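Have a look at the structure below before the remarks.
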Amino acid sequence: MTSTRLSADRAGSALALLAVLMPAMLATVIASDMVNLLLPAIGTEFDASEAELAWVVTGFLLMFSVGIPFYGRLSDRVSLRNLFVVCLTTYAAGSLVSALAPTLLALVAGRIVMGIGAAGIPVLTILAVTRLLPTEKRGMGIGVISAAAGIGTAAGPALGGGIGQLLGWHAPFWLMVAIALVLLPLIWRVLPADSPTTAERFDLTGGILLGAGAGLLLFGITQAQVAGFTAPSALGCLVIGLVTLIVFAGRNRRVDRPFVPPALFGSPVFRIAVIVASLAMSINLGALVFVPIVLVDVDGLDPGTGALVMIPAGLAVAVLSPLSGRLADRIGARTPALSGLVVMGLSAVFLSAVAGSGSLVLTAIGITTLCVGFIFVMTPIISAAAGALAPEQAGIGLGILQGAQFLGASAGPAVFGVLVSARRQAGTDALNPLHDTVAGAAFSDAFLAMALVAVAALIIALWMRPTPAP
């Protein structure tokens with residue numbers, strides 16, 4: 001009787017934990033993309049140019065990319081609960097400033113503060129799952145969190161645009177303020193007052209170099225989306241960012257207490273997880289960005305109808321993410337990850353064939369199966385990486401892993417976008433012989449490039465050794 005009651009208590013604690021962490025992750029991911037469809041209205045109110053409006057998005061993303069590794073490192077030295085509360089409070093403050101913004105400068109400042117707070121939530125959410133759930137439930141927990149991220153990615157622009165259209169562009173920010181304020185006392189209640197795993201100091205200069213390098217790379221990528229990779233603003237930032245990261249790597253090997261412990265990459269599982277996660281994320285975000293564009297710009301559908309294609313994908317991700325986690329718990333990460341990459345590659349080839357065909361159903365099938373394949377890659381990969389890290393390395397390790405995911409998510413649409421522009425200028429037929437329209441040829445080639453990236457990720461993932469289930 002006592003053991004049954006203990007099991008029920010643990011199950012209840014796990015459900016309470018996930019019930020709070022899932023909306024926190026969902027709100028963070030939605031905040032990243034919810035302004036995309038609001039930019040025209042914001043530009044009209046503040047009489048701003050496209051270049052000025054871009055900072056509403058870029059300001060958030062820059063702080064997000066710079067903050068991820070820092071929060072990962074801090075989580076080893078600061079109570080998880082306290083750090084989570086600081087992140088949510090900062091996020092709420094930034095959302096409030098954005099909602100009340102009387103000028104574009106104030107809105108950008110609010111978005112920057114939002115990004116500072118939001119950067120810690122994905123890392124801390126995964127850490128809470130890996131530290132507080134039993135080992136045999138870790139994959140399931142990560143699957144639930146991945147479902148929130150997947151739903152937020154697919155629904156963010158539509159949700160922000162819909163609420164903004166009905167209630168004005170300020171309304172989505174007020175919604176984020178309300179969500180953060182509701183979550184704050186719940187986080188305080190469900191997260192235990194844990195002790196830090198280490199009190200060691202770390203190389204702050206190295207962390208600044210890592211954050212600056214990642215931020216410059218991201219800014220260069222965002223500039224490349226607008227002006228191309230050969231533009232001075234894009235190429236300059238990419239080169240300086242790469243040099244900064246090289247300087248960081250050299251310093252990281254020399255100092256006594258490096259920001260990123262070199263032993264972290266001594267684990268083959270972790271190394272493979274970082275690369276595969278980045279590549280898979282670039283495919284997923286590339287497809288999520290380009291599928292609606294094809295439906296609207298090539299097939300001539302209105303944005304509302306085009307957005308419908310994301311509904312099956314979001315539902316599939318929500319239902320299957322926990323399943324992928326439970327599967328990883330039972331059979332290990334390698335088989336689900338390899339199978340997911342195969343599905344992603346085949347789905348990209350399918351999208352390459354039907355791009356611009358005018359069929360909402362076929363396109364919905366393609367993006368849904370691709371998102372399902374992605375979930376069966378990402379959830380096991382994160383679970384395997386978390387299991388391969390020592391407790392004192394978990395914070396910075398998962399921070400690096402999620403930073404790689406974020407850079408992949410930023411690089412994917414930019415790189416594939418440059419390919420689309422080049423192929424449009426060339427005006428040639430699609431490389432995929434199964435594609436039979438002229439208007440969608442450039443997008444067909446982009447989806448075919450995504451399939452090649454999936455093959456590259458599959459080859460790398462093959463080096464992952466089979467791991468026994470917990």
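Numbers at a glance
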read-out: Loop sites in the stretch 376-467: chymotrypsin sites (Phe, Trp or Tyr not before Pro), DSSP, at most 13 other Cβ within 10 Å; value: 463
read-out: Ranking by accessible area, most exposed first, for 339, 98 with a 1.4 Å probe; value: 339, 98
read-out: Farthest positive-ward along the stretch 1-150 dipole, Cα basis, beta-carbon charges - from 71, 134, 115; value: 134
read-out: Length-normalised contact order for the stretch 388-470 - Cα pairs under 8 Å, 6+ apart - percent; value: 21 percent
read-out: Reported label for calculated P(r) over Cα pairs in 20 Å bins from 0, in percent given [x] 25, 60, 15, 0; [y] 21, 49, 28, 3; [z] 25, 47, 22, 5, 0; value: [x]
read-out: Cβ-placed point charges (K, R +1; D, E -1), dipole of the chain about Cα centre in debye, nearest 20; value: 1580 debye
read-out: Quarter of the Cα convex hull surface for the stretch 277-337, i.e. its orientation-mean projected area (nm²); value: 4.9 nm²
read-out: Dipole magnitude (debye, nearest 20) for the stretch 191-346, charges at Cβ of Lys, Arg, Asp, Glu; value: 660 debye
read-out: Cα gyration tensor category, rounded, prolate or oblate, for the stretch 301-371 with a/c compared to 1.5; value: oblate
read-out: Cα-based convex hull, the stretch 331-449, per residue volume (Å³, whole number); value: 99 Å³
read-out: Whole-number percent relative contact order across the chain, with pairs defined as alpha carbons under 8 Å at least 6 apart; value: 21 percent
read-out: Per-selection Kirkwood Rh - the stretch 41-105 (Cα, Å, 1 d.p.); value: 13.8 Å
read-out: Charge dipole of the chain about the Cα centre (unit charges at C-beta), most positive-ward option of 94, 41, 292; value: 94
read-out: Spin-label pair residue 19/residue 326, simplified geometry with 7 Å Cα→Cβ offset, distance in nm; value: 1.9 nm
read-out: Separation between Cα centres of the stretch 255-318 and the stretch 72-151, rounded to whole Å; value: 18 Å
read-out: Evaluated over the stretch 230-310, the Cα radius of gyration and Dmax, each in Å; value: 20.0, 59
read-out: Shape category assigned to the stretch 180-335 from the gyration tensor of Cα positions, a/c cut at 1.5; value: oblate
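The values are calculated or read from the model by the stated rules, or taken from the named source; none is laboratory data. Since the structure is predicted, the reported quantities are computational estimates derived from the model, not experimental observations. Positions of Cβ are generated from backbone atoms using ideal geometry, with glycine treated the same way; all protein chains shown enter the neighbour counts. Please note that ligands, DNA and RNA were not included when accessible areas were found on the heavy atoms of the full protein model with its side chains. Shrake-Rupley method; radii C 1.70, N 1.55, O 1.52, S 1.80 Å.
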